[in-house]
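Asker: Input: one structure, supplied below.
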Amino acid sequence: AEVGAIGDWNTQLNGISTESNTVYKIKLTGSFTLDSALSVADTNTLELDLNGCALTAAQGQRHLIVNGTLILTDSAGGGRLDGVGRSGVVEVKKKQAAAHGVFTMNSGAIVNCKNDTSGAGVYVNGGTFTMAGGTIDSCTASGGRISDGGGGAGKRGAVILTGGKVRKFTAAPSCGGG
């Protein structure tokens with residue numbers, strides 16, 4: 001489905017946190033700010049094409065909480081998940097013993113993220129993050145425990161880097177590195 005505004009986003013993704021075994025394919029056609037974080041249920045998949053658009057986080061919240069699967073692409077180039085300097089972007093979780101969140105970043109950008117307690121760009125909280133392409137840029141983690149930190153990706157699960165770029169990140173000494 002094509003989504004160009006917050007109302008379309010909420011309508012198209014209405015059941016993603018409660019339904020089971022559903023694949024949601026979303027292609028952005030306009031940039032907008034989320035009104036809250038979106039949670040992807042453990043058996044659901046969100047295939048998100050930024051299509052050159054910006055998706056901005058709600059004040060102080062992550063964009064996406066992934067218990068299921070998130071595949072991020074940007075078919076047009078220039079698309080981004082933007083924390084606008086006030087929030088982390090994606091949290092990849094382990095909700096059950098048998099299931100965990102999986103986030104694959106193929107293209108697009110995660111930018112301008114800040115989190116005081118855990119990974120700013122991508123917080124891997126028991127799930128798996130694979131970066132095959134794209135960019136994580138200008139993200140800051142300023143507090144928390146070393147196992148939670150990282151300006152680019154906080155790690156409490158698996159982080160697999162096969163491509164892409166992580167640059168201009170900062171982390172407090174207790175937050176780990178990139």
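Nothing in this text is a laboratory measurement; each read-out follows from the coordinates by a stated rule. Everything numeric here is computed off the predicted structure, so don't read it as measured data. Please note: Cβ atoms are built from the backbone with ideal geometry, for glycine as well, and neighbour counts cover all protein chains shown.
Asker: Evaluate E = 1/(1 + (r/R0)^6) for N21 and A132, where r is the Cβ-Cβ distance and R0 equals 22 Å; express this FRET efficiency to the nearest 0.05.
Answerer: The computed FRET efficiency comes out at 0.35.
Asker: Please compare each pair in K94/K168; K93/K114; K27/K94 to a cut-off of 24 Å on the Cα-Cα distance and tell me which ones are over it. Mind dumping the intermediate values first?
Answerer: Working: K94/K168 28 Å; K93/K114 19 Å; K27/K94 26 Å.
Result: K94/K168; K27/K94 exceed 24 Å.
Asker: For segment 10-34 and segment 48-98, write down the distance between their C-alpha centroids in whole Å.
Answerer: A separation of 12 Å, based on Cα centres.
Asker: Once phi is turned into ³J(HN,Hα) by the Karplus curve 6.51 cos²θ - 1.76 cosθ + 1.60 with θ = phi - 60°, what whole-Hz value does each residue of segment 81-89 show in order, with x for glycine and proline?
Answerer: Each residue of segment 81-89 in turn: 9, 10, x, 6, x, 9, 7, x, 9 Hz.
Asker: Same structure, new question: N10 to S36: extension gain in nm, 0.36 nm per residue of separation minus the Cα-Cα distance?
Answerer: Extra length available between N10 and S36 comes to 8.4 nm.
Asker: Separate question: Check the straight Cα-Cα distances from K25 and name the aspartates and glutamates below 15 Å, setting aside those fewer than 8 residues away within the same chain.
Answerer: Partners found: E2, D8, E47, D49, D74.
Asker: Give, in nm to one decimal, the length gained when the segment between K168 and Q59 is fully stretched (0.36 nm per residue of separation minus the Cα-Cα distance).
Answerer: 37.0 nm
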